[in-house]
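**Q** Got a structure here, written out as C-alpha cells. Questions coming.
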Amino acid sequence: MKAAVDTIAAGGMSARDTILLRVREALRLPAPMPHFKSLVPSGGSDIPSPHAGGSSSAGHAGLAILPLDVARPWLPDGGDTPESQLAILANNLEKLRAQMHRVADLSAAADFVLSLARTRDWHRVAYHGHALVEPLLAGVPCATYRVDGADAFDKSALEHCDAGITACDAIVAQTGSILVSSATSGGRALSILPHVHIVVATLDQIVSTLGDALHAAKHRGAGRMPSMLSFITGPSRTGDIERILVLGAHGPKELILILVG
Amino acid sequence: MIAQDAQSPQWAKKKFLHDAKVHVQDTGHRTFVQKALGGYFLSRDAQKARYRDWEQARDAASLAKWSAVNRLDELLPLFVANFEANGGQVHWARDAEEARRIILDLVREAKAKAIIKSKCMTSEEIHLNAALEKDGYGVIESDLGEFIQQLRGEPPYHFVFPCMHVRREEISELFGKFLGTPPTNSPEELTMIARRHMRQLYVDADVGITGANFLVAETGQISITENEGNARLTAALPRVHISLSGIEKVVEHLDDLAVLLPMLATAGAGQQMTCYNTLYSGPRRDGECDGPDEMHLVLLDNSRTAILADPEQRDSLHCIRCGACLNVCPIFKNVGGFTYGTTYQGPIGSVITPHLRGLSDWNHLSAASSLCGACSDVCPVRIDIHHHLLHNRRNAARTVPNRWEKFGHQIFVIVASRPWLFAAGGAIFRHTLGMLKRLPVPLLRDWLATRALPAAPRKSFRQQWRQAGKDSL
Ligand code: SF4
C-alpha cells in the first residue's frame, strides 16, 4: 500500500497531499476499540467505529460523548461550593510551594505589594495595564515598567525587573493552576521572565476544574483565542539533577497569588 | 546516527547485546538509577490517590486518543485550517530529511544569529541539532537536562528525564569546564548556574524552536507541557517561533486536555499538573505587546502513517510520551537508556522503533522484554505495549524467518511425536548434559555463561513415574 502511495507521490504530489493520502489509505482498516476497563458510554455500548459506513464523519455523532463529560467524576476533586474550592486551592498551592495571600480590597493588596518591594529591596517592578493591577503600583518605592505602555516592548528592560505583576483569566482549585493569557496578563513574557510572579485575582475567578477553565476560555475566545494561554502550576521547577526538586529553573522562583475579596 | 544506518547488518543488535552486558554488570549505575526513580514512585502514588478513579480516567484518556487517531484524516486538516486561520504557517514533512530541510530554510530566511531550543524529542528523532550545526548555526538546548546532555555530547538517556544517569559531581565538573563556574555539590546551585547562563541567551535569540505535546483540532492550538519555563521563554522572546510535531499528536477537543494534561503529569513525573501547560495559536496578535512575529509548525510523518496502517498496533500512536513505561520496566532499569540506541527508549521505543527504522534491524528490541506487562499496566492511555512486542516478534518471524529456529522446531516435532525417540534422546541428553557448556552454539554459550547447570537426574521422569506407581501399589 505504502509503495503504491509513494509511486503516486513521485509524480509530483505535495508533501501535504502525500501525507494526507497515506493517512486516508492507512485508516481504511478500522482499529479495535481500546480495552476499556469500565467505560460504558451513556449512549449504550455501541460506539460505532469511526469508519463504519465509509465516511469518517459518520462516526462523529456516535462519539458525541466527550471523554471529559464522562471522566469528570473520576478526576481529582475540585470542589462544588466556593468554600470547598477555596480550601482545595489553598491546599494545592501550599503543596506546590506557591504563596497565597488574601486581602479585603485593592488598597490592602497595594499595601502588601509595597511591603514586599520594601523588604526585598526591589529596584524595578514590571506590570501591565489592568484594572486590578495598576492600583497595586500606586505607592511602590521603586521604578516600574509597563510592558504594554506607549513605547515598544523591550525585553531587556523586562529582564532587569525583579518582579512582574499580572492579572489572570481563572484559578483552578482542582490542580492549583493559574490560567494566564496573552490577552489578560500582559502578553507572554511578563508572567515568565521576572524572578517573582505576582498574580492578583478576585475570589470569583476561582473555578472548580481544568475543564471549567478550558470551557470558559473557549467561550471567551469565541473563535479567536489569545495567541497564548498558559496554566501555571506553582513556581518554575526542575528535577533534572538526580531527580531532586529545585524551584526556579528558568521561570519565576516565586509565585505569589493575591486574592482580593 | 545517520551514518550508523549504513553500517553492517545487525549492528544495532550487536551494539545492544554488548552495551546491555556492560550496563547490567555496572551495579553502581543500576543502584543510582533505581534511587533516582524511588522518589518518582512515591509522588506518583500520592498523586494517583487524588483521582477519584484512576483506572476509569485511563479509559477516558485512551478514548480521547483513540477517537482522534482513528479520525486523523478528518482532524488533521481541521487542525491545520484552524491553525492557519490563527495566523500560523504549516509545513508538511514526509520524512526526517524533509523536516530538516524545511527548518534550515526557515532559519536561513530568519537570518538567525542565535537559536534557542526547548525540549523536543521529535527533533532528536530527525537529528536536527547536528543539521543546524553543520550549516553553521549555533543552537542552545534550554531544558536543564537537555543542556547537560548537549554539553556532554550525548543523546538523552530517558526521553522525559534526559540526564537522570548523571551524578551531580559530574555536572559540577562539566559546568566548570564549559562555563568556568566553581565546583559545587548542590543541585540548587547547579540549577542556578544554568539559569544565569541562559537568561541573556533567551533575550538574544532570534529563533526559538519547540516541540508540541498536543494539537487541538477544534481551536487550532498547540499545547506544550514543561516544568522549567524554558519553553515559555523560547516561545515568547525570539522573533520567530518554530514548532516541530508528529502528525499523531492531534486531539479533537480543547476539553480533552482536561483529562490528558493531569494524567500526563501524574503518570510521567508524579505531579498533579506539570508546571507550565501552554496553548499557542499563532504569532503575536494585534493588541498584544510581545510574542513572535511568525509562528511555523512543521508536521512530520516519518513512518507514522506506516504504524497507522497497522490496525493491530495503531494504538501505539496514542502515546503521549509520559515515560511511565520506562520507569517501571525491569529491562530499562537494568540495561539503561543508552543501550537501546534509539530516540525513544524503553518499552514504547521497542514497539515503535522497528516501524520507524526497519523491523529487520530493530526486532531484537522486541526480544529484550520479559513480557511482564508492567508497561501496559501503567500506560495512561492504555496502549497494549507488551502485546505489541509479541506482535513484532511474530511479524519478524514472518518476514525474516530464522532458519535455525525453524529447523530446531522441526527436529523437536519429529522427536516429540515418537515416544521411543524421545526416550532415547532423553537418555543421551542426561548423560551428556555436562558437555553442553563446551558446545560451540552461541545461544547455549551465552545462556550458560552466567548460569550453573543442575546435575542431571539418573532416571527420566517417565521412569520415575512408573517406579512411583509400582511403589504405591
Ligand atoms: S506508551 Fe504509554 S506509558 Fe509509555 S510513554 Fe507512551 S503514554 Fe507513557
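**Q** Taking the alpha carbon gyration tensor of segment B:419-472, what are the square roots of 5 times its eigenvalues, largest first, to the nearest whole Å? Write out the running numbers ahead of the final one.
**A** Details: eigenvalues 158, 34, 12 Å².
Whole-Å semi-axes of the equivalent ellipsoid: 28, 13, 8.
**Q** Here is a follow-up. Short version: ³J(HN,Hα) in whole Hz for each residue of segment B:221-236, in order, from phi by Karplus 6.51 cos²θ - 1.76 cosθ + 1.60 (θ = phi - 60°), x for Gly and Pro, what are they?
**A** In residue order, the calculated couplings are 9, 10, 10, 10, 10, 6, 9, 8, x, 5, 6, 4, 5, 5, 8, 9 Hz.
**Q** Among A:27, B:469, A:81, whose Cα lies farthest out toward the positive end of the dipole of the protein assembly as shown, if unit charges sit on the beta carbon of Lys, Arg (+1) and Asp, Glu (-1)?
**A** Sorting the options by dipole projection puts first B:469.
**Q** Placing +1 on the Cβ of each Lys and Arg and -1 on the Cβ of each Asp and Glu in segment A:82-260, which of A:183, A:127, A:113 has its Cα farthest towards the positive end of the resulting dipole?
**A** Positive-most Cα among the choices belongs to A:183.
**Q** Would segment B:54-302 count as rounded, prolate or oblate if I go by the C-alpha gyration tensor, calling it rounded below 1.5 in a/c and otherwise prolate when a/b exceeds b/c, oblate otherwise? Write out the running numbers ahead of the final one.
**A** Numbers: a/c = 1.79, a/b = 1.30, b/c = 1.38.
Because a/c hits 1.5 or more and a/b fails to exceed b/c, segment B:54-302 counts as oblate.
**Q** Run the accessible area of segment A:82-260 with a 1.4 Å probe and give the carbon-and-sulfur part as a rounded percent.
**A** Details: 3310 of 6290 Å².
Carbon and sulfur: 53 percent of the exposed surface of segment A:82-260.
**Q** Here's something else I'd like to know. Indicate the gyration tensor shape class of segment B:89-144 (rounded, prolate or oblate), computed on the Cα atoms with a ≥ b ≥ c the square roots of the eigenvalues: a/c under 1.5 is rounded; otherwise a/b larger than b/c is prolate and the rest oblate. Show your work: numbers first, answer last.
**A** On the way: a/c = 1.56, a/b = 1.14, b/c = 1.37.
Note, shape of segment B:89-144 comes out oblate.
**Q** Here's a follow-up. Could you give me the ³J(HN,Hα) list for segment B:58-66, computed from phi with Karplus coefficients 6.51, -1.76, 1.60 and θ = phi - 60°, whole Hz, x at Gly and Pro?
**A** 4, 4, 5, 5, 6, 5, 4, 6, 4
**Q** Segment B:263-369: which GluC sites (Glu not before Pro) are DSSP loop and have at most 16 other beta-carbon atoms within 10 angstrom? If you can, show how the numbers build up before the last one.
**A** Working: sites: B:288, B:294, B:312; in loops: B:288, B:312.
Sparse-neighbourhood loop GluC sites (Glu not before Pro): B:312.
**Q** Within the set of other residues whose C-beta is less than 10 Å from the C-beta of residue B:267, count the net charge using Lys and Arg as +1 and Asp and Glu as -1. Don't jump to the answer; show the numbers that get you there.
**A** Numbers: positive: B:44, B:48, B:58; negative: none.
Result for the local shell: +3.
**Q** Mind giving me the nanometre distance, one decimal, between the label points for residue A:104 and residue A:24, set 7 Å out from Cα along Cα→Cβ?
**A** 6.8
**Q** Can you give the accessible area buried between chains A and B, summed over both chains, with a 1.4 Å probe, in Å² to the nearest 100? Provide the component values of the computation, followed by the final result.
**A** Details: alone 15290 and 24150 Å², together 30230 Å².
Roughly 9200 Å².
**Q** Here is a further query. About the Cα centre, and with charges only on the beta carbon of Lys, Arg (+1) and Asp, Glu (-1), how big is the dipole of the protein assembly as shown? Nearest 20 debye, please. Before the final figure, lay out each step's value.
**A** On the way: 78 positive and 76 negative charges, 825 e Å.
Using Cβ point charges on Lys, Arg, Asp and Glu, the protein assembly as shown gives about 3960 debye.
**Q** A further question follows. Given C-alpha coordinates of the protein assembly as shown, what is the ratio Rg to Rh with the Kirkwood estimate of Rh? Can you show the working numbers first?
**A** Working: Rg = 28.3 Å, Rh = 27.7 Å.
That ratio equals 1.02.
**Q** What spacing in nm lies between the two simple spin-label points modelled at residue B:403 and residue B:448, each 7 Å away from Cα in the Cβ direction?
**A** 2.5
**Q** Same structure, new question: At a 1.4 Å probe radius, which order do B:73, A:105, B:256 fall into by accessible area, largest first? The partial results should precede the final answer.
**A** Numbers: B:73 35, A:105 70, B:256 5 Å².
In descending accessible area the options line up as A:105, B:73, B:256.
**Q** Output wanted: per-residue J couplings in Hz (rounded whole) for segment B:77-90, from phi through Karplus 6.51 cos²θ - 1.76 cosθ + 1.60, θ = phi - 60°, x for Gly and Pro.
**A** The phi angles translate into x, 5, 4, 4, 4, 5, 5, 5, 4, 7, x, x, 10, 10 Hz.
**Q** Based on the Cβ-Cβ distance from residue A:115 to residue B:109, what FRET efficiency comes out when R0 is 51 Å, to the nearest 0.05?
**A** Values: r = 50 Å, r/R0 = 0.98.
The calculated FRET efficiency here is 0.55.
**Q** Something else: Can you give the local net charge around residue B:459? Use residues other than it whose beta-carbon is closer than 12 angstrom to its beta-carbon, Lys and Arg +1, Asp and Glu -1. All intermediate terms of the calculation are to be shown ahead of the outcome.
**A** Details: positive: B:430, B:458, B:462, B:466; negative: none.
Here the count lands on +4.
**Q** At 222 nm, what value in deg cm²/dmol follows for chain B if DSSP H runs of at least 4 each add -39500 (n - 2.57) and the sum is divided by all its residues, to the nearest 500? Don't skip to the end; give the middle numbers.
**A** On the way: 24 runs with 253 residues, N = 473.
Mean residue ellipticity at 222 nm (helix-derived): -16000 deg cm²/dmol.
**Q** Treating the angle as unsigned and between 0 and 90°, give the value, to the nearest 10°, between the Cα long axis of helix B:461-472 and the longest Cα principal axis of chain B.
**A** Taking the Cα atoms of chain B, the angle to B:461-472 is about 60 degrees.
**Q** Let me ask you something else. Taking amide H atoms as placed 1.01 Å from N in the peptide plane, list the residues 5 or more away in sequence, or in a different chain, whose amide H sits under 5 Å from that of residue B:298.
**A** Residues meeting the amide H criterion: B:91, B:243, B:244, B:245.
**Q** Which one, B:258, B:83, B:326, is farthest towards the positive end of the dipole of the protein assembly as shown when Lys and Arg carry +1 and Asp and Glu -1 on their Cβ?
**A** B:326
**Q** Go ahead and collect, in residue order, the members of segment B:37-59 whose backbone nitrogen is under 13 Å from a label point 7 Å along the Cα-Cβ direction of residue A:245.
**A** Those under the cut-off are B:39-47.
**Q** So with the 1.4 Å probe, I'd like the accessible area per residue for segment B:54-302, rounded to whole Å².
**A** Working: 6770 Å² over 249 residues.
It amounts to 27 Å² per residue over segment B:54-302.
**Q** Hey, another quick one. Can you give the Kirkwood hydrodynamic radius for chain B, in Å, rounded to one decimal and based on Cα pairs?
**A** Details: mean 1/r = 0.0403 Å⁻¹.
In chain B this quantity evaluates to 24.8 Å.
**Q** So, with +1 on the Cβ of K and R and -1 on the Cβ of D and E, and no other charges, what is the size of the charge dipole of segment B:54-302 about its Cα centre, to the nearest 20 debye? The partial results should precede the final answer.
**A** Working: 24 positive and 38 negative charges, 131 e Å.
Taking the Cα centre of segment B:54-302 as origin, the dipole is about 640 debye.
**Q** Cα gyration tensor of segment A:82-260, axes a ≥ b ≥ c as square roots of the eigenvalues: rounded (a/c below 1.5), prolate (a/b > b/c) or oblate? List each step's numbers first, then the result.
**A** On the way: a/c = 1.28, a/b = 1.19, b/c = 1.08.
In terms of gyration-tensor shape, rounded.
**Q** Something else about it: Only Lys, Arg, Asp and Glu count, each charged at its Cβ (+1, +1, -1, -1), so figure out the dipole size of segment A:82-260 about its Cα centre, rounded to 20 debye. Intermediate results must be reported in sequence, preceding the final value.
**A** Values: 15 positive and 17 negative charges, 62 e Å.
For segment A:82-260, the charge dipole is close to 300 debye.
**Q** Mind checking the angle between helix B:403-416 and chain B's longest principal axis? C-alpha axes, 0 to 90 degrees, to the nearest 10.
**A** Here the helix axis deviates by roughly 30 degrees.
**Q** Under 13 Å from the Cβ of residue B:149, count the other residues' Cβ atoms, weight Lys and Arg +1, Asp and Glu -1, and hand me the total.
**A** -4
The values are calculated or read from the model by the stated rules, or taken from the named source; none is laboratory data. Keep in mind it's a predicted model, so treat the numbers as computed, not measured. Every residue, glycine among them, receives a Cβ derived from its backbone with ideal geometry; neighbour counts consider all protein chains shown. The area values use the complete protein model at the heavy-atom level, side chains included, leaving out ligands, DNA and RNA. Shrake-Rupley method; radii C 1.70, N 1.55, O 1.52, S 1.80 Å.
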